[in-house]
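> First, the structure itself, so that you have it in front of you.
Computed from the coordinates by the stated procedures, all read-outs in this text should not be read as laboratory data. None of these values were measured; they are calculated from a predicted model. Note that we place each Cβ from the backbone using ideal geometry, even for glycine, and neighbour counts take in every protein chain shown.
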Amino acid sequence: MPTKKIIPFIKTVVFAIVLCLSGCSSESGLTENTDQKGAVMLHKNYEFLRSRESLFKVITNSETQKSTSKRTVQALDFKIFTERLTYVKNDEQAKESFTFYIERNNYSPASNTIENLILTKRFNEEEYKAYIITYFFPDGIASEHKNFKVTGFKAVNSETFSFNNLTSKSACENTYEYTVIETAHKCYSGAHSGSSEAANCEGKGSLPYSTYQVVAYQIASCGESMGGGGMGGDQSGAGGGGGGSTPGSGGGAPVDTGISLPPSCQSVDCEVPILANDINVLLGNTLNFEQLTFLFNNDNIANEVKNYLDQNTNAAAKALTTQIIGAMVANPGLKINFTASVNSPMNIDILAITNATTEGKKFIEVYDALTKSPEFKKLFIDTFAESKRFNVKFQIGSISSGAGGTTDTNLLNPTTNIITIDPNFIKNNSKLIVAKTILHECIHAFLNVKLCDAGSGMAIPNINNMEFYNIVNQKYNGFTATQNQHDFIYNNMIPTMKTVLAEIKNILVSNSESKSLQELVFHPVSPTQDVYFNWDDFYKNISLSGLQDCAFFKSEIGTLVHNPQTGENIPTNIIDQVKMNYYNQYQTYVRLYLSK
């Protein structure tokens with residue numbers, strides 16, 4: 001297998017170093033390496049390439065290559081990026097090399113690999129030799145780069161950049177070896193951060209004053225030693241000679257190079273902050289290695305977390321953040337949205353819903369409004385005097401029963417609750433009603449979780465502070481039927497639901513709609529008694545929608561039968577005529593005055 005020797009200079013800790021590689025710099029030439037005799041590594045730009053006529057010709061003038069306006073060159077199945085290159089000059093061995101970042105058409109950054117094209121020759125030679133070297137970064141390209149590995153090194157044709165079969169496709173064992181040398185330049189004080197080092201080097205930009213030089217050797221071809229060349233016995237690769245197949249005692253001629261990174265890194269300061277470290281500091285260094293790794297590998301989530309903690313510095317915010325990160329790591333099957341979760345009483349997975357459909361876009365707008373309600377955020381904490389959170393995955397899908405939403409919970413393992421909202425329900429109802437339905441289903445999910453977690457004692461207001469488990473069994477028959485949960489919501493949740501709807505009304509109801517509602521006069525009490533529209537009554541009665549089949553609704557208001565053709569609920573047994581009139585008339589106003 002390929003082997004690797006590293007000349008260590010600085011021992012680093014996981015996540016504790018910023019990006020410091022040879023490709024990350026401006027054009028300015030770095031000063032001579034003080035640790036390597038006769039060798040210098042410089043980082044150059046496109047103008048330098050244009051000034052080297054023979055090199056520029058090799059890169060751009062082949063029949064198989066063509067330049068583009070973005071300073072890239074298409075060569076067979078990969079592009080050569082010419083905006084930056086790494087130049088290594090070895091005076092003692094009288095040779096030089098030029099290294100370019102290349103990218104194949106099917107390249108994926110997720111592979112954590114990059115490829116470089118190396119062109120090298122001795123000073124007195126006209127023709128270049130070409131190699132393609134492959135690097136693998138176990139922790140990601142924008143991370144601790146001293147941990148990279150060389151995973152491929154092959155000679156290619158310098159005219160067409162096609163492989164010239166010096167090694168077979170079967171990939172013989174031990175076909176190459178390489179040495180890594182950390183280059184410390186004469187103005188380098190020991191810190192890896194280029195920006196902080198600029199002042200020590202006359203303030204000339206933000207340069208990577210710690211770089212890595214790679215010396216690669218092709219030592220065998222399908223088990224046969226490659227004679228000639230030779231390499232020096234010291235770490236710089238200078239001097240030496242002789243036969244054999246191991247570096248330092250002969251073998252193939254050494255090839256000097258330095259890593260050239262993708263253009264996005266090379267054209268700007270490559271100093272990449274390790275957000276996982278910063279977040280851990282803000283959280284009092286309480287994250288474990290698994291949680292740090294998760295944040296490190298998920299930049300979008302790390303950015304959301306960092307932004308939230310920058311704006312919310314209290315202990316409660318830190319505790320909530322830690323809890324959500326823990327849930328993300330513990331539930332890899334969920335794609336928990338940090339921003340949605342931190343603004344709600346649940347850990348939320350809404351990945352399945354996007355703006356690509358009308359109903360998806362509308363759902364996202366409504367849920368975003370819900371997260372802006374302070375009462376929604378603390379809903380279950382205030383209602384049940386407990387702060388334990390749970391996981392909810394939202395999806396949009398058809399519901400055969402005709403309901404607007406359903407909640408499915410595995411009562412044996414209630415870690416994840418799946419809430420489904422019907423697409424036609426979303427399309428055919430106002431945003432405020434969709435919000436009420438989402439809220440309704442969230443309560444179902446919470447009740448399912450708490451029923452399974454019977455050991456958690458919770459005092460509920462106005463019910464003699466009995467524990468939740470006893471209340472459920474004594475008053476709601478253990479939630480053995482769906483309507484028993486509706487009875488619980490009817491008796492305990494309506495005031496909180498009203499508050500949530502009031503807090504998001506101005507987001508989901510337009511000024512003109514609000515004005516039209518407030519001008520309404522109707523007659524729920526008697527035909528001759530005018531009653532003006534009242535927002536509090538409005539929120540209460542639309543919160544009752546969906547509860548009309550529960551026992552308490554039927555015993556206190558009456559029985560309704562839904563007419564699917566007109567969409568109306570027809571009373572068949574009225575217990576309280578005024579309450580029934582209020583309920584039906586407010587449902588009618590929702591349909592008539594709120595846009596869909």
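> Can you tally the net charge around D576? Count Lys and Arg as +1, Asp and Glu as -1, for every other residue whose Cβ sits under 12 Å from the Cβ of D576. Don't skip to the end; give the middle numbers.
On the way: positive: K554, K579; negative: E556.
My count for the surroundings of D576 gives +1.
> Taking the Cα-to-Cβ direction at L351 and at D408 and moving 7 Å from each Cα, how far apart do the two end points lie in nm?
Calculated label separation equals 1.8 nm.
> If you take the beta carbon distance between S111 and E47 as r and set R0 to 25 Å, what does 1/(1 + (r/R0)^6) give as a FRET efficiency, to the nearest 0.05? Please report the intermediate quantities before stating the final value.
On the way: r = 32 Å, r/R0 = 1.26.
For R0 = 25 Å, the calculated efficiency reads 0.20.
> If the chain between N573 and H523 were fully stretched, how many nm would it gain, using 0.36 nm times the residue separation less the Cα-Cα distance?
Contour length minus the Cα-Cα distance gives 16.0 nm.
> Give the relative contact order (percent, whole number) for segment 478-596; include only Cα pairs under 8 Å separated by 6+ residues.
On the way: 123 pairs, mean separation 31.7, N = 119.
With pairs under 8 Å counted, the relative contact order is 27 percent.
> Beyond 28 Å between alpha-carbons counts as too far, so tell me which of K149/K393; K335/K427; K393/K554; K431/K579 fall in that bin.
Numbers: K149/K393 39 Å; K335/K427 26 Å; K393/K554 32 Å; K431/K579 25 Å.
With Cα atoms farther than 28 Å apart: K149/K393; K393/K554.
> Taking the Cα centre of segment 70-138 as the origin and placing charges on Cβ (Lys, Arg +1; Asp, Glu -1), which of T113, Y87, S97 is farthest toward the positive end of the dipole?
Comparing the listed Cα positions along the dipole, T113 ranks first.
> Which value in nm describes the separation of the simple spin-label points at S400 and S54, placed 7 Å from the Cα toward the beta carbon?
Distance between the two pseudo-spin positions: 7.8 nm.
> Which peptide among 544-556, 492-504 comes first, and what is the full order, when sorted by highest mean count of other Cβ atoms within 10 Å?
On the way: 544-556: 17.3, 492-504: 19.4.
For the peptides 544-556, 492-504, the packing ranking is 492-504, 544-556.
> While we're here: Counting only C-alpha contacts under 8 Å and six or more residues apart, can you give the relative contact order of segment 528-589 as a whole percent?
Details: 55 pairs, mean separation 18.5, N = 62.
Relative contact order of segment 528-589: 30 percent.
> State the extension gain, in nm to one decimal, for the chain segment bounded by T134 and N285, taking 0.36 nm per residue of separation less the distance between their alpha-carbons. Mind dumping the intermediate values first?
On the way: separation 151, 0.36 × 151 = 54.36 nm, distance 3.59 nm.
Value of the extension gain: 50.8 nm.
> Shifting gears a bit: How much length is gained if the chain between Q565 and A330 is pulled fully straight, taking 0.36 nm per residue apart and subtracting their Cα-Cα distance, in nm to one decimal? Each step should come with its number before you reach the end.
On the way: separation 235, 0.36 × 235 = 84.60 nm, distance 4.70 nm.
Fully extending the segment from Q565 to A330 adds 79.9 nm.
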